[in-house]
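One structure is given below, encoded as structure tokens.
Laboratory data are not the source of any read-out in this text; all were calculated from the coordinates shown. Owing to the predicted nature of the structure, the values given are computational and were not obtained by experimental measurement. Here the Cβ is made from the backbone with ideal geometry for all residues, glycine too, and neighbour counts use every protein chain on show.
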Amino acid sequence: MSKAIETARTYLKPHKKLPTVWCGGCGLGVIMSSLLRVISKLEIPKNDIATVSGIGCTGRMPTYVDSNTLHTTHGRALAFATGVKLASPKLHVIAAMGDGDALAIGGNHFIHACRRNIDITAIVANNCIYGMTGGQYSPTTPHGKRGTTAPYGNVEHEFDASALAAGAGASFVARTSVYHVRELDKLLEAAIKHRGFSVVEVMSNCYTSYGRLNKYKSPVDMFRWMKENSVTLKQAETMSPEELEGKFTRGVFVENYMPEFIQVYDALAEQLTTDSAAAVSQLRETIKRYEQLGDRLKTRVG
Amino acid sequence: MSARANKDVKVLQGNEACAIGAIAAGVNFFAGYPITPSSEVAEFMARHLPLIGGRFIQMEDEIASIAAIIGASIAGSRSMTATSGPGFSLMQENLGLACLAEIPCVIINVQRAGPSTGLPTQPAQADVMQTRWGTHGDHAIIALAPSTVLECIELTVTSVSLSEKYRTPVVLLLDEVIGHMRESVTLPAAGSYHCDSRTVPEGDEEDYRPAACVGDEVATLARFGGPHRFHVTGLTHDPHGFPTMVPHEVDAKIHWIVEKIESRADQLAMNEEFMVEDCEVLLFSYGSTARVAKASVRQLRDQGIKAGLLRVKTIWPLSGKRLKELAPQLKTIVVPEMNMGQLVLEVERIVAGVAPVRHLGRVDGRLFTPDQITEFVRGEVSA
């Protein structure tokens, strides 16, 4: 049995029907298989993973990944993931989102998750369109490109998702594309290993809803575009703004070692349990009385 | 020992009391967003949770707050949030997810007056119907309403207990007055409040049906990070928890989430009755309004009118049992509410013309006075 098949058999839910809901030529399968390879390589037990998503094509990823899986409401994956992680810190929490999900309806959750630095891995599959609903323009649809709600070309200007994440304070930010599969594996691995909030933006392709409207001949044509129009950070250093126009950069933009939210919170809590100040010990005594009003044993979060 | 020296006698605010109830019920996760008049609940939880091994987080909005408590509950916590009208409106979509996916959690809604921003510091009872019908699609909900500060403790414990037992979100409906009012409370003895826990699966992972809806037995709920991996989705799902569009599976699911609660309306009913045995005029009330209504019953009795009070603590599902029993003896039922007429619609439906039902609304951001209710009842009786 080849390694790929073995990984798929191990990390895809056994009773889910394949193929996936994704169209032929879609980049999402590339992202999911990369994720499975990384999980497999890192030997993370399936019970110790929680894969969380919102709504849209990317939102369906948890349906297939054999882990604890949570398919939530549109834009809210990170907010749910925050609760999951805080309640059970031992879990590797992975949030998979599309560009509309993460950056439009979920934009507020996205920037605050970046700022908080809770140990969650956020994958933003950026195909520059709302695919599932049929090709409406998204916050990352380039200016001038077409969507079904931008029939004459997009009037708005697009977000740079990685720059947004970096600006909002994410401690790990990287970008690559579904064409650059080995790089994708590497970056996802680094993101999952990173202790803190990590964002991996993966430029992806939606031939059905974006490609056809924007004169790409085939999914392969879109992969070719990614190959020819992306540059590594190193290459970008020597290029002028004019040369970089219309291209996207790939690589690790941010990798900071910052104290993680739960570490800091728990350290504070630990201090409080031993703090001898009168006010704090008084507080401890009262809370104990309140706890004991109930008939159940004290519960602790993970 | 004088009350002053007794540590168990405390002057507490309704919002604080809710937080105390949460602690007593073992709530160990709270996510919230500041909003008047509920913020004291979050402040209390922020101060106390780290002392008992729990965690608190202030989220970026109310949508995120309810999302976080649902996520935490799925990962095994007992979780709660608190808000008021505008925030409760924002929570509606995810409230629906908790209903459909059957995730226990508690939402405290300290109601304030007016649609939109309204009157943030004034009371209302205007979210009764939003609580029942605010999220889209067919579903059911449990909602309780305390009238005293002590009841804020008790009913918060009950809310957690029912949410765990029936795998459902529970809404505790306070109003600004109950939330901010301070009363002297004698804390009951240790172990006084019973709180149920969700049941967890014990068998093999392969046999686990996280979304089973068979008979009237609520399915067990595993936790993320535990021995059973499972899938949770806001899509309509089959007993395994996976999306389905098969008509009979969809039908069974929707019937299940509605009927598991609606069929237990009588069992879940908690009432207080005051002078109802021989009453001819029934005041039907809840929350802070019921306190005023009780005073009004006394006034009316002094004036020779046989009035009584039926105060419901369980607003949803609303049991019709007691109302139907009492209706034949009544000349009129008066429903005072700080809204333009919400729970009165249910009373009318239940009573079905056996006795006349009259609504007395107040929407100026002020509490009723006993005189106001008394006068209204006198007008009805003499008419």
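Over the range B:9-186, what is the percentage of antiparallel beta bridges among all DSSP beta bridges, to the nearest 5? Could you put the intermediate results ahead of the total?
On the way: 7 of 27 bridges.
For the range B:9-186, the DSSP antiparallel bridge percentage is about 25.
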- Query: Hey, quick one: spin label on A:M258, modelled 7 Å out along Cα-Cβ, who in the range A:100-128 has an amide N within reach, i.e. under 19 Å?
  - Reply: A:103, A:107-124
- Task: Check the straight Cα-Cα distances from A:K13 and name the aspartates and glutamates below 12 Å, setting aside those fewer than 8 residues away within the same chain.
- Result: A:D66, B:E206
- Query: Lys/Arg Cβ at +1, Asp/Glu Cβ at -1, dipole of the protein assembly as shown taken about the Cα centre: which of A:S276, B:T131, A:A190 is farthest positive-ward?
  - Reply: A:A190
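Please give the per residue volume of the convex hull enclosing the alpha carbon atoms of the range A:3-258, rounded to a whole number of Å³.
On the way: hull volume 30.9 nm³, N = 256.
It is 121 Å³ per residue.
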- Once you put a point 7 Å from the Cα of A:T238 and another 7 Å from the Cα of A:S2, both along the Cβ direction, what distance in nm separates them? 3.6
- Task: Could you work out, for the range B:271-382, what percent of all Cα-Cα pairs fall into each 5 Å distance bin, beginning at 0 Å and stopping at the bin that holds the largest distance?
- Result: 2, 13, 27, 28, 21, 8, 1
- Query: Where the centre of each part is set by its Cα atoms, how far does the range A:75-118 sit from the range B:184-232, in angstrom?
  - Reply: 25
- Item | Two-decimal ratio, the protein assembly as shown, of alpha-carbon radius of gyration to 2.2 N^0.38 Å | 1.05
- Note on the structure: Asserting the computed 222 nm helical MRE of chain A (DSSP H runs at least 4 long, -39500 (n - 2.57) per run, divided by residue count, to nearest 500) equals -11000 deg cm²/dmol
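Residues of B:23-29, mean number of Cβ from any other protein chain within 10 Å of their own Cβ, rounded to a whole number?
Neighbouring Cβ atoms belonging to other protein chains average 6 per residue here.
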- Excluding residues on the same chain fewer than 8 positions from B:K10, give the aspartates and glutamates whose Cα lies under 16 Å from its Cα. A:E285, A:E291, B:E151, B:E154, B:E183
- Query: If amide H atoms are built 1.01 Å from N in the plane of the peptide, which residues on other chains or at least 5 residues away come under 5 Å of the amide H of B:D196?
  - Reply: B:S161
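Rank these for me by crowding, B:R301, A:R175, going from fewest to most other beta carbons within 10 Å. Show your work: numbers first, answer last.
On the way: B:R301 14, A:R175 28.
In order of increasing Cβ crowding within 10 Å: B:R301, A:R175.
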- Query: Can you pull the percent of Cα pairs in the range B:9-186 with separation above 25 Å?
  - Reply: 21
- Taking every DSSP beta bridge that has both residues in chain B, what percent is antiparallel when rounded to the nearest 5? 35
- Query: Within 10 Å of each Cβ of B:334-345, how many other protein chain Cβ atoms are there on average?
  - Reply: 0
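Do the sum for chain B: with -39,500 (n - 2.57) for every DSSP H run of n ≥ 4, divided by all residues, what is the mean residue ellipticity at 222 nm, to the nearest 500 deg cm²/dmol? Present the calculation step by step, with values, prior to reporting the outcome.
On the way: 13 runs with 144 residues, N = 383.
Mean residue ellipticity, 222 nm, calculated: -11500 deg cm²/dmol.
Sequence gap at least 6, Cα distance under 8 Å: using those rules, report the relative contact order of chain A to the nearest whole percent. All intermediate terms of the calculation are to be shown ahead of the outcome.
Working: 578 pairs, mean separation 48.4, N = 302.
Here the relative contact order equals 16 percent.
Which percent, to the nearest 5, of DSSP beta bridges fully inside the protein assembly as shown are antiparallel? If you can, show how the numbers build up before the last one.
Values: 24 of 91 bridges.
Antiparallel bridges: around 25 percent, rounded to the nearest 5.
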- Message: Cα atoms only: what Rg and Dmax, in Å, come out for the range B:157-301?
- Response: 21.1, 64
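When ranked by the protection proxy of mean other Cβ atoms within 10 Å per residue, highest first, what sequence do the peptides B:253-259, B:29-35, B:217-223, B:329-335 form? Before the final figure, lay out each step's value.
Details: B:253-259: 17.3, B:29-35: 24.7, B:217-223: 18.9, B:329-335: 20.4.
Packing order, densest peptide first, comes out as B:29-35, B:329-335, B:217-223, B:253-259.
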- For the pair B:V214 and B:E325, the simple spin-label estimate (label points 7 Å beyond Cα toward Cβ) gives in nm 3.6
- Message: Longer than 18 Å from Cα to Cα, which of A:K16/A:K186; A:K288/B:K7; A:K16/B:K253; A:K41/A:K186; A:K145/A:K215 are they? Say none if no pair is.
- Response: A:K16/A:K186; A:K16/B:K253
- Where only alpha carbons of the range B:169-251 are counted, the Rg and the Dmax (Å): 19.4, 56
